[in-house]
Structure formats: structure tokens, C-alpha cells
Amino acid sequence: MGKNILTLTDHRTGETYELPITNGTINAMDLRKIKTHADDFGLMSYDPGFKNTAACKSKITFIDGEKGILRYRGYPIEQIAEKCSYLETASLLVNGELPTKSELGEWTWNITHHTLLHENIKKFIEGFRYDAHPMGILISTVAALSTFYPEAKNIMDAESRLLQTYRLIAKIPSIAACAYRHRMGLPYVYPDNDLSYTGNFLNMLFKMTRPKYEPDPVLEKAMDVLFILHADHEQNCSASVMRGVGSSHADPFCATAGAAAALYGPLHGGANEQVLRMLNEIGCKDNVPAYIKRVKDGGVLLMGFGHRVYKNYDPRAKIIKQIADKVFEVTGRNFLLDIALELEKIALEDEYFIKRKLYPNVDFYSGIIYQAMGFPVELYPVLFAIGRTSGWIAQWQEMLLDPQQKIARPRQIYLGEEYRDCIPVEKAGDPTEA
Ligand SMILES: CC(C)(COP(=O)(O)OP(=O)(O)OC[C@H]1O[C@@H](n2cnc3c(N)ncnc32)[C@H](O)[C@@H]1OP(=O)(O)O)[C@@H](O)C(=O)NCCC(=O)NCCS
């Protein structure tokens, strides 16, 4: 093993530079020493979409995209999904270690006792149109929480951070349920503290006239595992937004609203909604080859396929496929599964997908389960947001406590007009006038 040094020669000047390599990276600021003359700004790297730029050091989530590995704080996702609850996972992500029995008890008690929404929040939700997308309601209402808890701006106070953490993890399912029931024209349901985190969420969504809602244990467990699988995914688009907004020292409610907005897009958390729409559009197994042809011709994307990091089967998709069988035993088989399986089979054998290393991602099968469980399509990104909230908080807190972090502020390559004088409109004339 040689020295951890990168030697660069700038052929514009003939100068040679030695840049230290640490953790497999060079420090981008070292590039600025590479200049053609004293007034030169120095070299930068160009990386739209941050495809090869590490913006932070993190100890939360590890992904090996080539091998299809995902770990939270070192624990393989397969083991966490099997052995932990979502709230244990949330504690692991936010606090760094799996909680002891008493720590978990305290964590669960605090989250359970912050699920109620201020009555004015409900009035706020009332103001949305009857057909408002629940994700739009969620984003706006989470931002509105900032006005209810102004002390949340004390971001450097550990006690305040913990309180806002309880509130965010607890209230996001309550807001999500209100958003859903508002759309359905149903009265809001108060949280039931006797139920688990996930059981209570199902209660707030689906309770009708019976005095007590009893969640189906298989569906409750499936939903809990889905929350776990969505809890964190290192520096994805929404986590980067959480860190970016948080880096200006905005409060965590505003930062979470920003992260949720990023999640809404069809290339991120909105993909599961698009997968369902795509499967419905395909309609039956026989139409799959024609759809694959459209994808290869560049007409449409195969939603739920491909990933910026995974160049192998997404490990979360494997776990979801197993859950699907258990869910379908309770709900009956979703016919869309057959279309999805056929799509997967054909795509995995096709040169187009093999060459580009496009495999099913987490969203490919999750929508089919959600539909079987009775969730409307518009709620899918909201379900993703509930699980991801703990990851966002973990990322936000790590960023805040990292002394090397600064306000997020990328550079640009300016290719616009050079200096020119501004001519007042009355003197400029109109090129269309003869
Ligand atoms: C996730 C995603 C945004 C990653 O994008 P990315 O890392 O920027 O990858 P690129 O868009 O550069 O894709 C590389 C190549 O694969 C193709 N490709 C990527 N995803 C594809 C898909 N789902 N269907 C068809 N082709 C796809 C691109 O067209 C590109 O082909 P080209 O090299 O001929 O131009 C992208 O795969 C996608 O849009 N997937 C569908 C949406 C989805 O499921 N999102 C959920 C992610 S969890």
C-alpha cells in the first residue's frame, strides 16, 4: 500500500500538486490551490446531482449499492426488519444504539403521549379542498407545526431537540390520518394510547363506528416492517434537503416539511404511487412486453426500477416481496402482483436493463401491498414519509452536531452573459416594430 496522496499535474501550468486522500476522498477545497495565476479562483469539481460528492461524514446508514447491502448503525436491514419494531429502529437511528428495555419503554411512552394534534391544526387541515393530495396537506401541516412550537428554534438545546423529535415522530401519523380522512369526508379519529405506534396509525385511518379499533396483527406487523424499511437511506434527495434546510438553522418542523416536499416527487417517494398507476395502465400480463418496448424506446420509465446507489437488487424490495405473501393471506391476492412479477422477470433478462444495472427498488412492490391493505394511491408517499421521519431527524441532528458542517451552499459554473449595460425600456425600442 502506497501513500495516501494523490499527485496531480496541471498541464496548463506544468505545476504538480499533492492532495491528501482521507477516507477515499480528496478535500474539494484542496482543488482551489490549483490555479493558473495568482488571481485565478482555483479549480472546482462539477457534479450535478451530487453523483460523486460526499457532503458529510455519517455514522447512521451504510449502503453498498453494488452488493445490495443496507445497514442501520451497522445492523443489517434484514435483521432489524425481523427482530425490531419501528419505534426501536427510530430510536436506533436517532440515538445511535438499540435502546435497552427501559429506554424503549420511555421512548415509546413519550412518542405515544405526543400523538394528539392541537385542535387548531385540525381546523387548518379543514381549510384544504376536499380533493387535496394528502402529501400536500402533510407538507404544509408539518411546516405549520413550527408556529405551534416556536421553542423548536432552540436547535442547539439537546432537551428541545428531543422534545421536537418526539413530536415529529408522534404527530406525522396523526396528520397523515387526518389528511386521509379529510379527503374521504370522514371525521378525524383521536389516537388510542393502548395500541402500538403502527396499530394506532391504522386506528386513526380506518376506525369507523365501533368503539374500539383492533388492528389485524399481520397487517400491523407488515406496516411496521414497511416503516422500518423506509426509515433511512443515507444521503438521498430528501435527507439532503433535511440537512440543507437544517444547515441554515431553521427549526426541525420547517426542515422536515422541506424534506417531505422532496420526497413527494415521482423520482423519489412518489415513485410507489407511479408504480401503481403504471401497473393499472398495463392492465394484464399480456401487455407487459409492449410496455417494456415503450420503456426501451425511451417513451416512459419503468417506475420502481433503477436507483442512484443500488446497482443490484434493492435489499428492501426482497423483504417486501416476502411480506407481500403474508399480507395477501389476509387480504386476498392483488392481481397487480402478477403483472409486477412478469415485468420483473422480463426486465431482469433484458439487455437494456442488465446493461444499465436496473433492478427493482423499494417502491416496486410496496404499492401493491398498500393497495391490498386498503390504502388509496395518494397515501403511498405519505406512508413513506412517516417511516422516513426518524431518518430525517437522525440526519438533521448529526449535521447540527458536526463541527465541520456549514450552511449548504454549492458553487456554480457561470455561463451567462458577460457584463452589459441595462437600457431603460423606453429607449430600447421594440424589435417587432418596423
Ligand atoms: C431512481 C432514478 C431517479 C435514478 O436515476 P439516476 O441515478 O440519475 O440514473 P439515470 O437516470 O442516469 O439512469 C441511467 C440510465 O438508465 C436508464 N434508466 C434509469 N432508470 C430507469 C427506469 N426506471 N426505466 C427505464 N430506464 C431507466 C436511464 O434512462 C439511463 O439510460 P441512458 O444511459 O441510456 O441515458 C431512476 O432510476 C428512475 O427515474 N427510476 C424510476 C423512478 C423510481 O422508481 N424512483 C424510486 C427510487 S427509490
In region 225-257, how many residues are buried (at least 24 other Cβ atoms within 10 Å of the Cβ), more than 22 Å from residue 68 (Cβ to Cβ) and among the charged types (D, E, K, R)? 1
Restricting attention to region 35-68, which residues are in contact (Cβ under 8 Å) with a residue 12 or more places away in the chain and open to solvent by 100 Å² or more (accessible area, probe 1.4 Å)? 46, 50, 51, 57, 59, 66, 67
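Consider residue 420 carefully, then state whether it is more than 30 Å from residue 286 (Cβ to Cβ), within 16 Å of the ligand (Cβ to nearest atom), out of contact with any Gly (no Cβ under 7 Å at 6 or more places or on another chain) and of a type in the set (D, E, K, R). Show your work before the answer.
Numbers: more than 30 Å from residue 286 (Cβ to Cβ): yes; within 16 Å of the ligand (Cβ to nearest atom): no; out of contact with any Gly (no Cβ under 7 Å at 6 or more places or on another chain): yes; of a type in the set (D, E, K, R): yes.
No: the conditions fail for residue 420.
I need the helices (runs of 4 or more DSSP H) fully contained in region 90-168, keeping only those with at least 3 residues that are within 24 Å of residue 185 (Cβ to Cβ) and among the β-branched types (Val, Ile, Thr).
By residue number, 134-148.
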Name the single residue, out of those in region 353-373 being open to solvent by 30 Å² or more (accessible area, probe 1.4 Å), in a helix (DSSP H, G or I) and without any contact (Cβ under 8 Å) to a residue 60 or more places away in the chain, that is nearest to the ligand (Cβ to nearest atom). 355
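Against the definition (surrounded by fewer than 21 Cβ atoms within 10 Å (Cβ to Cβ), under 20 Å from the mean Cα position of the chain (by Cα) and charged (D, E, K, R)), how does residue 294 come out, yes or no? Walk me through it before giving the result.
Values: surrounded by fewer than 21 Cβ atoms within 10 Å (Cβ to Cβ): yes; under 20 Å from the mean Cα position of the chain (by Cα): no; charged (D, E, K, R): yes.
No, not satisfied.
Just need a number here: residues in region 392-405 that are assigned to a loop (DSSP other than H, G, I, E, B) and open to solvent by 40 Å² or more (accessible area, probe 1.4 Å). Can you show your working first?
Taking region 392-405 first, the residues assigned to a loop (DSSP other than H, G, I, E, B) are 402-405.
Adding the requirement that they be open to solvent by 40 Å² or more (accessible area, probe 1.4 Å) leaves 403-405.
The total comes to 3.
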Can you run down the residue pairs with Cβ atoms below 7 Å, 6 or more apart or on separate chains, where the first is in region 263-283 and within 15 Å of residue 133 (Cβ to Cβ) and at pLDDT 95 or above and the partner is of a type in the set (Ser, Thr, Tyr) and within 12 Å of the ligand (Cβ to nearest atom)? 263/238
Flag if residue 229 is under 21 Å from residue 80 (Cβ atoms), within 16 Å of the ligand (Cβ to nearest atom) and in contact (Cβ under 8 Å) with a residue 60 or more places away in the chain: yes
Can you run down the residue pairs with Cβ atoms below 7 Å, 6 or more apart or on separate chains, where the first is in region 289-311 and more than 23 Å from residue 366 (Cα to Cα) and the partner is more than 7 Å from the ligand (Cβ to nearest atom)? 294/300; 296/352
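Can you confirm whether region 258-275 contains a residue that is over 30 Å from residue 336 (Cβ atoms) and buried (at least 20 other Cβ atoms within 10 Å of the Cβ)? Quick ask: steps written out before the conclusion?
Step one: list which residues in region 258-275 are over 30 Å from residue 336 (Cβ atoms), which gives 258.
Restricting the remaining residues to those that are buried (at least 20 other Cβ atoms within 10 Å of the Cβ) gives 258.
Looking through region 258-275, at least one residue is over 30 Å from residue 336 (Cβ atoms) and buried (at least 20 other Cβ atoms within 10 Å of the Cβ).
Of everything in region 300-315, what is open to solvent by less than 40 Å² (accessible area, probe 1.4 Å), closer than 18 Å to residue 52 by Cβ and more than 6 Å from the ligand (Cβ to nearest atom)? Give them in sequence order.
Keep residues of region 300-315 that are open to solvent by less than 40 Å² (accessible area, probe 1.4 Å), which gives 300, 302-306, 310, 313-315.
Imposing the further condition that a residue be closer than 18 Å to residue 52 by Cβ reduces the set to 306, 310.
310 - this is the single residue of region 300-315 that is open to solvent by less than 40 Å² (accessible area, probe 1.4 Å), closer than 18 Å to residue 52 by Cβ and more than 6 Å from the ligand (Cβ to nearest atom).
State all residues of region 328-352 that are among the aliphatic types (A, V, I, L, M), in contact (Cβ under 8 Å) with a residue 12 or more places away in the chain and within 15 Å of the ligand (Cβ to nearest atom); if no residue qualifies, say none. Show your work before the answer.
Within region 328-352, the subset among the aliphatic types (A, V, I, L, M) is 330, 336-337, 339-341, 343, 346-348.
Checking which are in contact (Cβ under 8 Å) with a residue 12 or more places away in the chain leaves us with 330, 336-337, 339-340, 343, 346-347.
Result: 340, 343, 346, 347.
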Tabulated pairs, region 402-420, first closer than 14 Å to residue 45 by Cα, second at pLDDT 95 or above and of a type in the set (Phe, Trp, Tyr), C-beta under 7 angstrom, 6+ apart or interchain: 413/46
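Okay, residues lined up against (1) closer than 20 Å to residue 89 by Cα; (2) under 24 Å from the mean Cα position of the chain (by Cα); (3) open to solvent by 30 Å² or more (accessible area, probe 1.4 Å):
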residue	(1), (2), (3)
143	no, yes, yes
150	no, no, yes
154	no, no, yes
157	no, no, yes
170	yes, yes, no
174	yes, yes, no
199	yes, yes, no
205	no, yes, no
209	no, no, yes
Just to be sure before I move on: is residue 408 closer than 22 Å to residue 50 by Cβ and in a loop (DSSP other than H, G, I, E, B) in the structure I sent? yes
The condition of being of a type in the set (A, V, I, L, M, F, W, C) and within 16 Å of the ligand (Cβ to nearest atom) holds, among 239, 250, 255, only for 239
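The values are calculated or read from the model by the stated rules, or taken from the named source; none is laboratory data. From a predicted model like this one, the values you see are computed outputs, not experimental measurements. In this analysis, Cβ positions are derived from the backbone assuming ideal geometry, glycine residues included, and neighbour counts consider all displayed protein chains. Please note that ligands, DNA and RNA were not included when accessible areas were found on the heavy atoms of the full protein model with its side chains. Shrake-Rupley method; radii C 1.70, N 1.55, O 1.52, S 1.80 Å.
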